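Encoded as structure tokens, the structure appears first; notes follow it.
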Amino acid sequence: MSATMTQPAARSAFTKVQLFVKGRLTDSKATRHGPVFNPSTGEQIGEVPFCSAEETASIIQCAHDAFPAWRDTPVVERARVMFRLVNLLEKNADSLARTVSLEHGKTLAESVGSVRRGIEMVEFACGIPTLSMGETMHNIAQDVDCETYAHPLGVCVGITPYNFPLMVPLWMFPIAITCGNTFVLKPSEKVPLSAMKLAELCAEAGLPPGVLNVVHGDKECVDVLLRHPLVQAVSFVGSTPIAKYIYETATQHGKRCQANGGAKNHILVMPDADMDKTVAALQTSAFGCAGQRCMAGSLAVAIGKAADPLVNALVASTNKMKVGRTDVQSDADMGPVTTKPHLETLLANIEKGAKEGAKLACDGRGVKVPDAPNGFYLGPTIFDHVEPGMHVSKTELFGPVLSVSRVKDLDEAIALTNGSMYGNGAVIYTRDGHAAREFKHRAGAGMIGINVGVPAPMAMFPFTGAKGSFFGDLHIQGREGIQFYTQHKMILSRWHAAGSGPGAGEFVTTRG
Ligand code: NAD
């Protein structure tokens, strides 16, 4: 593994992050603030307000005030805003990706990919006039017709994590608002810049004031979003302990809630797998976005004779990776992690893994990026001979640290996967169709990959995490996303022909 050199860059401008309320950028009245960093250099590039309970409640009120007019706006007009937003996102894709790289530390290629996945969500929302249609049946009894149609809920809330500053907000609000809801987004306080750019583009696309609002803050702000009587639904993406807290609190206060949590995704490698392709995919899965992905492969399970060839090829290939800045043009394969406290936690976890007896086959701790000595860098790290009870086997580390466990057969591998408290993704690499079929059916994760390293679904499919990776019923994305943000009304109507009346054709129901 080596470090890259880059051209010296100009200092980034310092941003005092604002709120987005009633269709405008607005200064917050907050008295508390948090820092925003460029993780590539460790330099503070901005500060974000931590809104008080009172200010948060006033923003919810704005979203509530905008709801009746937006609900009554024809759905095709709501969708037209999304068509315009797609065009604006395409036009600004490069600068949006640069903002993501600046505040998060992803490589530019990774940020471009995340913008692309975000645009796909808005494209999906363009289809909501068709996708949200109800059902109807004529003459269900004499002169009686039945229909259902989808209603928006009211004010919906989205609380998002730091690892996809632009894509995860786009998992939520395009569907919610095209369904006729108004929305309050609370981005991660660590990476608030990309979400603000999204809000500005929504205004440019013609979204009426108050339909999308952006508030910033920490627990004080979130607790209001979870409890406020005008909030109808809460979407959350983040770590498992917070997801559980969000789900329990929101549902106790009568809200719908979908809460995506953390993950420890297992990648099973059968001895018959195509080793070159498997190693390339595993490396991208484990170290892409510096391992800060809820779908990252973080535990490779080498089955039988796969172990030695897999580990040897993986270590050789990983040693060639270049770590470097992502805020400027560079040829880095991997950038920094996003915050210094997280880097320190990762270092402590690596220490713990080594003390527990896992073998450090590749140690990224010494990596130096000469032109950015204060950046938050950790090189790709591989632990071999990881045993099931070890910390690095069961805990989500959320960084460029891959553990490798060696097991004797597929049954043992599936049992290991199913013993995890998480259930986001699980993958098998094999040429054996029967093994793949068994794995698909028996593995307890919600998203399964077969010879695919990161089995994240496209926008039209739900993001189906399970176990400790998801709390709720209806998942984010796809038709489940539309169902989450709407409720169906059923209308039973009877219209007798002129001159006839209730009698022989009376509609009778015994269903209550
Ligand atoms: P986090 O849980 O720390 O924070 C997520 C959001 O919750 C942020 O907006 C934050 O401000 C808020 N928050 C944090 N602590 C809170 C508290 N005590 N009370 C109320 N709100 C609080 O997560 P993170 O570190 O930003 O993101 C990384 C995590 O997100 C990882 O665990 C990763 O696996 C997970 N993630 C999951 C998915 C998925 O779809 N399952 C996708 C992306 C990320």
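Among K190/K305; K190/K264; K91/K467; K305/K352; K190/K244; K305/K368, which pairs are too far apart, with a Cα-Cα distance over 32 Å?
Correct reply: K190/K305; K91/K467; K305/K368.
Please give the Cα centre distance for segment 56-77 versus segment 304-383, rounded to the nearest Å.
With segment 56-77 and segment 304-383 each reduced to a Cα centre, they are spaced 46 Å.
Rounded, prolate or oblate, given the Cα gyration tensor of segment 1-147, with a/c below 1.5 counting as rounded?
Since a/c reaches 1.5 but b/c is at least a/b, the shape of segment 1-147 is classed as oblate.
Using alpha-carbon positions, what is the distance between the centroids of segment 211-249 and segment 138-179, in Å?
Cα centroid of segment 211-249 versus Cα centroid of segment 138-179: 18 Å apart.
Using a 1.4 Å probe on the protein chains only, how many percent of the accessible area of the chain belongs to carbon and sulfur?
Accessible surface attributable to carbon and sulfur in the chain totals 55 percent.
Taking 0.36 nm per residue of separation and subtracting the Cα-Cα distance, what length does fully extending E387 through A497 add?
Taking 0.36 nm per residue and subtracting the Cα distance, the gain is 32.0 nm.
Taking 2.2 N^0.38 Å as the expected size of a compact globular protein, what ratio does the Cα radius of gyration of segment 265-450 give against it, to two decimals?
1.00
Among F50, V81, P68, whose Cα sits farthest toward the positive end of the charge dipole of segment 34-89 (+1 at Cβ of Lys/Arg, -1 at Cβ of Asp/Glu, about the Cα centre)?
Of the options given, the answer is V81.
If you count the DSSP beta bridges with both ends in segment 265-450, what percent of them are antiparallel, to the nearest 5?
Approximately 10 percent, going by the DSSP bridge assignments.
Subtract the Cα-Cα distance of E351 and Q44 from 0.36 nm times their separation in residues, and report this length gain in nm to one decimal.
107.7 nm
For the pair D27 and R116, how long in nm is the line joining their label points, each one 7 Å along Cα→Cβ?
About 4.2 nm, to one decimal.
Please identify which residues in segment 264-283 have an amide N closer than 16 Å to a label point set 7 Å out from the Cα of K320, following the Cα→Cβ vector.
Residues 275-283 qualify, since their backbone N sits under 16 Å from the label point.
Can you give the FRET efficiency to the nearest 0.05 for E135 and N418, using r as the Cβ-Cβ distance and R₀ = 25 Å?
E(calc), rounded to 0.05, equals 0.10.
Rounding to the nearest 10 and keeping the result within 0 to 90°, find how far the Cα-based axis of helix 93-104 lies from the longest principal axis of the chain.
60 degrees
Would you mind checking K29/K219; K219/K489; K322/K440; K29/K186; K359/K394; K106/K355 for any pair whose Cα atoms are more than 25 angstrom apart?
In this structure, K219/K489; K322/K440; K106/K355 exceed 25 Å between Cα atoms.
Given a 1.4 Å probe, how much area per residue of segment 265-450 is accessible, in Å²?
39 Å²
Assuming a viscosity of 0.692 mPa s and a temperature of 37 °C, what translational diffusion coefficient in µm² per second does Stokes-Einstein assign to the chain, Rh being the Kirkwood radius over Cα pairs?
D = 136 µm²/s.
With every protein chain present, what accessible area does I491 have (1.4 Å probe, heavy atoms only), rounded to the nearest 10 Å²?
Probe radius 1.4 Å; accessible area of I491 about 50 Å².
Just want to confirm a number: the relative contact order over the chain, from Cα pairs under 8 angstrom separated by 6+ residues, in percent.
Taking the mean separation of contacting Cα pairs over the length of the chain, I get 20 percent.
What percent does the relative contact order of segment 105-209 come to when contacts are Cα pairs within less than 8 Å and at least six residues apart?
Relative contact order, segment 105-209: 26 percent.
May I ask for the angle, rounded to the nearest 10°, between helix 193-204 and the longest principal axis of the chain, with both axes built from Cα atoms and the value confined to 0 to 90°?
It is inclined by approximately 30 degrees.
Under a Cβ-Cβ cut-off of 14 Å, what is the net charge of the residues other than K29 that fall near it, where Lys and Arg count +1 and Asp and Glu count -1?
-2
Using helices alone, what [θ] at 222 nm do you get for the chain, with -39,500 (n - 2.57) per DSSP H run of 4 or more residues, divided over all residues and rounded to the nearest 500?
Estimated from H runs of four or more residues: -11500 deg cm²/dmol.
Roughly speaking, what is the stretch gain from N312 to K440, that is 0.36 nm per residue apart minus the C-alpha to C-alpha distance, in nm to one decimal?
Stretched out fully, the N312 to K440 stretch lengthens by 43.3 nm.
Would you mind checking the tilt of helix 108-126 against the longest principal axis of the Cα atoms of the chain, expressed as 0 to 90 degrees and rounded to 10?
10 degrees
Give the span of segment 385-512's Cα atoms along each principal axis, as three whole-Å numbers ordered largest to smallest.
84, 32, 27 Å, listed from the longest principal axis down.
Where both residues lie in the chain, what percent of DSSP beta bridges are antiparallel, nearest 5?
Looking only at bridges with both residues in the chain, the antiparallel portion is about 40 percent.
Please compute the contact order of segment 265-450 in relative form: average sequence separation of alpha-carbon pairs under 8 Å and at least six residues apart, divided by the residue count, as a percent.
Over segment 265-450, the number comes to 28 percent.
The values are calculated or read from the model by the stated rules, or taken from the named source; none is laboratory data. Everything numeric in this text was worked out from a predicted model, so none of it was measured. Backbone-built Cβ (ideal geometry, glycine too); neighbour counts: all protein chains shown. Just so you know, the surface numbers come from the protein's heavy atoms only, side chains and all, with ligands and any DNA or RNA stripped out. Shrake-Rupley method; radii C 1.70, N 1.55, O 1.52, S 1.80 Å.
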